[in-house]
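The values are calculated or read from the model by the stated rules, or taken from the named source; none is laboratory data. It should be emphasised that the depicted structure is a prediction, and the values quoted were computed from it without experimental measurement. Neighbour counts run over all protein chains shown; Cβ positions are idealised from the backbone, glycine included. Surface accessibility is based on the protein's heavy atoms, side chains included, excluding ligands, DNA and RNA. Shrake-Rupley method; radii C 1.70, N 1.55, O 1.52, S 1.80 Å.
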Amino acid sequence: MEQIRMAKQIVRPCVIAGNWKMNKTITEATRFIDEFLPLIEKSTTQIYLAVPFTSIQPVVEKVKGSSVIVGAQNMNDASEGAFTGEIAAIMIKEVGAQFVILGHSERRHIFGETNEFINRKVKRAYADGLQPIVCIGETREQHEAGQTQQVLTQQLKESLAGVNAAQMQKTIIAYEPVWAIGTGITPTPEQAQEVHAFCRQVVLDNWTDKTSLSVVLLYGGSVKPDNTKLFMEQTDIDGVLVGGASLSPISFAQIVNYQNATVKG
Ligand code: PGA
């Protein structure tokens, strides 16, 4: 039986997602899967793995028959055309990707992606049959200036503009405070819960259809085996998005199997 969350008649799956970023050759990726699959055999969680484009097909082949879903970390908003170096949704879908991460903070801050561009990509993902994981999050400066709610509201409204309630139900939103990504610093689980509850309220306010509340909300930013359970225990956190700790099959499996973990500290 799949692990689920129930809140006010809304059923949501538990999702543990890994984002390898620009790491792992095909050889390294397939070796990871060989080591990882035996460690998560008993897991009932939905496992998402966002791998580099070159590894999508080989990893999809390797994970057949397991509970791992493979996706990409980015794509272009156009269906095809003269966009040197870009990749289209139908191309990653053809090699087996089922989802795509959009608007990751590294895309926003290193490559200058705007909410408006991310929104076009979200629409392209739906049109071409990919599930989007849309990332939002405030910078340290915005956090310290008390602008978190304002920033997240704008990111949610603009990145998801025009998305209907049915699409919203299939959308995953990852709240990743930029100051927590790759830093080893995290909000407390209670602070993260407060922000997730706020995001869920923004969804309800803007997508008045209550079914939009089945949107899955992930926490991301320095998730490790020893803090996963604390985040997963929060009512509005349905899963985690893991960068660095998803690169090792052992630590990612520990995160997937967080319910067996003894929490330190
Ligand atoms: P991190 O990255 O787990 O290494 O902090 C998270 C992310 O960028 O999605």
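Looking at segment 120-137, which of its residues are under 16 Å from the mean Cα position of the chain (by Cα) and either crowded, with 21+ Cβ neighbours inside 10 Å or at pLDDT below 95 (or both)?
LYS121, VAL122, ALA125, LEU130, PRO132, ILE133, VAL134, CYS135, ILE136, GLY137 - these are the residues of segment 120-137 that are under 16 Å from the mean Cα position of the chain (by Cα) and either crowded, with 21+ Cβ neighbours inside 10 Å or at pLDDT below 95 (or both).
Out of everything in segment 118-151 that is away from the ligand (no atom under 14 Å from the Cβ) and aliphatic (A, V, I, L, M), what residue ends up being farthest from PRO187 (Cα to Cα)?
ALA127
Let me spell it out: the conditions are (1) outside any helix (DSSP H, G or I); (2) within 16 Å of the ligand (Cβ to nearest atom); (3) among the acidic types (Asp, Glu), and GLU86 meets all of them except one. Which number is the exception?
Against the list (1) outside any helix (DSSP H, G or I); (2) within 16 Å of the ligand (Cβ to nearest atom); (3) among the acidic types (Asp, Glu), GLU86 comes up short only on (2).
Among (1) within 26 Å of GLU116 (Cα to Cα); (2) buried (at least 22 other Cβ atoms within 10 Å of the Cβ); (3) free of Cβ contacts under 8 Å to residues at least 60 places away in the same chain; (4) away from the ligand (no atom under 11 Å from the Cβ), there is one condition ARG200 misses while meeting the rest; what is its number?
Condition (2) is where ARG200 drops out.
Counting just the residues of segment 96-117 that are surrounded by 14 or more Cβ atoms within 10 Å (Cβ to Cβ) and more than 16 Å from the ligand (Cβ to nearest atom), which one comes out farthest from GLY182 (Cα to Cα)?
The residue in question is GLY96.
Would you mind telling me which numbered condition in (1) of a type outside the set (Asp, Glu); (2) farther than 26 Å from GLN259 by Cβ; (3) crowded, with 19+ Cβ neighbours inside 10 Å ALA192 fails?
That leaves (2) as the condition not met.
Do any residues in segment 221-233 that are touching a residue at least 40 places away in the same chain (Cβ under 8 Å) have Cβ atoms under 6 Å from those of residues that are open to solvent by 10 Å² or more (accessible area, probe 1.4 Å) and of a type in the set (A, V, I, L, M, F, W, C), where the two are at least six apart or on different chains, and which pairs are they?
From residues that are touching a residue at least 40 places away in the same chain (Cβ under 8 Å), the pairs are GLY221/ILE181.
Give the residue that is surrounded by the fewest Cβ atoms within 10 Å (Cβ to Cβ), with candidates limited to residues of segment 56-95 that are small (Gly, Ala, Ser) and under 20 Å from GLN46 (Cα atoms).
GLY65
Enumerate the pairs (first residue in segment 72-90 and modelled with pLDDT of 95 or more; second residue anywhere and of a type in the set (S, T, N, Q) and crowded, with 19+ Cβ neighbours inside 10 Å) with beta-carbon separation below 6 Å, excluding pairs fewer than 6 apart on the same chain, so at least 6 apart or on different chains.
none
Which of the residues belonging to segment 164-189 are of a type in the set (A, V, I, L, M, F, W, C) and exposed (fewer than 14 other Cβ atoms within 10 Å of the Cβ)?
Those that are of a type in the set (A, V, I, L, M, F, W, C) and exposed (fewer than 14 other Cβ atoms within 10 Å of the Cβ): ALA166, ILE185.
Look at segment 2-51 and say how many of its residues are open to solvent by 20 Å² or more (accessible area, probe 1.4 Å) and at pLDDT 95 or above.
The total comes to 16.
Could you tell me how many of the residues in segment 216-265 are hydroxyl-bearing (Ser, Thr, Tyr), more than 21 Å from ILE172 (Cβ to Cβ), within 16 Å of the ligand (Cβ to nearest atom) and outside any helix (DSSP H, G or I)?
Of the residues in that region, 1 qualify.
Is it the case that segment 207-215 has a residue that's in contact (Cβ under 8 Å) with a residue 40 or more places away in the chain and open to solvent by less than 10 Å² (accessible area, probe 1.4 Å)?
yes
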